[in-house]
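**Q** Here you go, one structure.
The values are calculated or read from the model by the stated rules, or taken from the named source; none is laboratory data. Because the structure is predicted, anything quoted here is derived from the model rather than measured. Every residue, glycine as well, gets a Cβ built from its backbone with ideal geometry; the counts of neighbours run over all protein chains shown.
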Amino acid sequence: MTDTRIKNQTPQTHDASEGTTSRRNFLQAIGMGTGFIGLNAFSGLVLPASVQAQCAPPAGTAKKFARDCRSIRPRRPAATLTGSEITKLKDAYQAMRALDTSDPSDPRGFQRQANIHCWMCSEGGASLQVHGSWKFFAWHRAYLYYHERILGKLINDMEFRLPYWDWDVASHRKLPGAYTNPNNNTNPLWNSTRAMSPTDEIPEEDVGDDVMEAALEAANFAEFGGTASDNGIPEGAPHGSVHVDVGGNMGFFQSAARDPVFYAHHSNVDKMWSDWNKGSSSHTNPTDTAFLNLSWTFYDENKVLRTITAKQVLDHESQLRYVYGPSRFSEILPCLFDWIVVRTDWRNLRALRVTPAIRSSISKVQGSRARARLHLTGVTVPMDKSAVYRVYSSPEAARKDEGPGGDGYLGTIPVVLNHTGGQHIHKRTRNVVFNLSPRKVETLSRAQGAMQLTLVERGAKEDARRPIRVTAVDSFFTVADVQQ
Ligand code: C2O
């Protein structure tokens, strides 16, 4: 694949209203349309100026968040909606899309809704950026909340709640049926630009238990949801990986919310926050006023501009009136003792050396339910495309790139660009945590001397594979025993 050929393809701008020339057809034409979905089919895609121009901030004076007195209703897995629930969901998006043409100035229209995300993720600049820090979970929760209210209002049913795409459940890794059936512009939940076909699945490596545990067992909010300046674990994997895997509009923050599946994806990301909070009494949200007072504005279902603060979204059940179904994770996650930090000499070596002392600490996970994790802080990531990178324990293993079951594999780091023109990415560094399965522990224990951790873009053809040595500020392990 060459960038030039992709660039020559005009990106799709009006998803539901256009003809049959989909990006997928284009990809098929160049021989990339089927099979493995992590192919970065969208590297080089440039969004048209018209899309960027439409992306503007909400204007006007805002009223305060109004206390929500609706009944508490469940958000449900998109794959398990009944026929009549699917009809409602489609009617709601149909009505929202209709506003784009009947009244382009109505802030409740689909395009205008999508542009909010565009503005907050790229065009508004660094101070508004809602990715890469503790703003991530709170802002997206507030955004979905008003989006959900608008959808409800448009079908005259304020009991309506968004569905969630629970890609963490192995049988739900395809795009939820409602969003692909029919897979054409008669379906208001369809989007023509997806790289993922209705039969593709999000790879286990991106959303499987290994990734979910690394996130949901995060010791504190800084690790789970980030700080004022750094990202939390799940914002990378699984959140970013799913963006890359769905591809098309979803592959860039600027355009992501133009795919209706964005909202179902983010509903599941929001559920992770809810599950993390429920997972342990020590999983509490930040109490810093700098966090609690973060405030944003959104149009509500009556076109009234409202401010909402981070503090006002912390308890989704009592404040925002929705709950998520029983969580598989609150049932299966073990009750962990506190994580113990096992330092390494990464700061001197810029490489990972597993000394006998470290080896004996992390090898506890073998044959017991104890947990061990590898942390990489301040990892510099490539910023030339939206892609998923795999991390291996050596350049040789990266060159082989055998994947999750293979030699030296440690985990993934997804990179989602804002867009491809101008400011590519909001931040070049990432904090990452890999859950260490017994297999990975074995890899690390066998290593002689210092390991040069190495990144490689997933899915790159062998002759195009360019292993990149991991540069990180620090790397250390954490281990925890399980309370019996
Ligand atoms: Cu604001 Cu999933 O991105």
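**Q** Could you look through the stretch 98-110, keep only residues that are in a helix (DSSP H, G or I) and surrounded by fewer than 22 Cβ atoms within 10 Å (Cβ to Cβ), and pick out the one that is farthest from the ligand (Cβ to nearest atom)?
**A** S102
**Q** Now, a different point. Of all residues being assigned to a loop (DSSP other than H, G, I, E, B) and within 11 Å of the ligand (Cβ to nearest atom) in the stretch 111-138, which is farthest from A92 (Cα to Cα)? Just the residue, please.
**A** G132
**Q** I would also like to ask the following. Output yes when any residue across the stretch 154-165 is within 16 Å of the ligand (Cβ to nearest atom), of a type in the set (F, W, Y) and outside any loop (DSSP other than H, G, I, E, B), and no when none is.
**A** Yes: one or more hits.
**Q** Kindly indicate the residue of the stretch 243-287 that is within 16 Å of the ligand (Cβ to nearest atom) and of a type in the set (F, W, Y) and also nearest to Y143 (Cα to Cα) among those meeting that condition.
**A** Within the stretch 243-287, the match that is nearest to Y143 (Cα to Cα) is Y263.
**Q** What is the residue count in the stretch 178-187 for residues that are crowded, with 22+ Cβ neighbours inside 10 Å and either part of a loop (DSSP other than H, G, I, E, B) or without any contact (Cβ under 8 Å) to a residue 12 or more places away in the chain (or both)?
**A** Total satisfying the criteria: 0.
**Q** Can you tell me which residue in the stretch 327-354 is modelled with the lowest pLDDT, limited to those that are among the aromatic types (F, W, Y) and assigned to a helix (DSSP H, G or I)?
**A** F329
**Q** Follow-up question, since we're still on this one. Among the residues of the stretch 232-252, count how many are closer than 18 Å to H117 by Cα and either of a type in the set (D, E, K, R) or part of a loop (DSSP other than H, G, I, E, B) (or both).
**A** 2
**Q** Ok, one more. Please pick out the residue among R141, R149 that is of a type in the set (K, R) and within 16 Å of the ligand (Cβ to nearest atom).
**A** Just a single option satisfies the conditions, and that option is R141.
**Q** Could you say which residue among L162, L175, L154 is in contact with a Ser or Thr (Cβ under 6 Å, 6 or more places away or on another chain) and touching a residue at least 60 places away in the same chain (Cβ under 8 Å)?
**A** L162
**Q** Let me ask you something else. Within the stretch 294-305, can you find the residues that are part of a strand (DSSP E or B), farther than 11 Å from G60 by Cβ and of a type outside the set (S, T, N, Q)?
**A** W296, F298 - these are the residues of the stretch 294-305 that are part of a strand (DSSP E or B), farther than 11 Å from G60 by Cβ and of a type outside the set (S, T, N, Q).
**Q** Let me ask something additional. In the stretch 362-383, which residue that is at pLDDT 90 or above and among the small types (G, A, S) is farthest from T412 (Cα to Cα)?
**A** A372
**Q** Only one of A219, A228, A215 is small (G, A, S) and assigned to a helix (DSSP H, G or I); which?
**A** On inspection, the qualifying residue turns out to be A215.
**Q** Among (1) under 22 Å from the mean Cα position of the chain (by Cα); (2) surrounded by fewer than 15 Cβ atoms within 10 Å (Cβ to Cβ), which single condition is D288 missing?
**A** (1)
**Q** Of the residues D315, D300, only one is more than 16 Å from the ligand (Cβ to nearest atom) and surrounded by fewer than 19 Cβ atoms within 10 Å (Cβ to Cβ); which?
**A** D315
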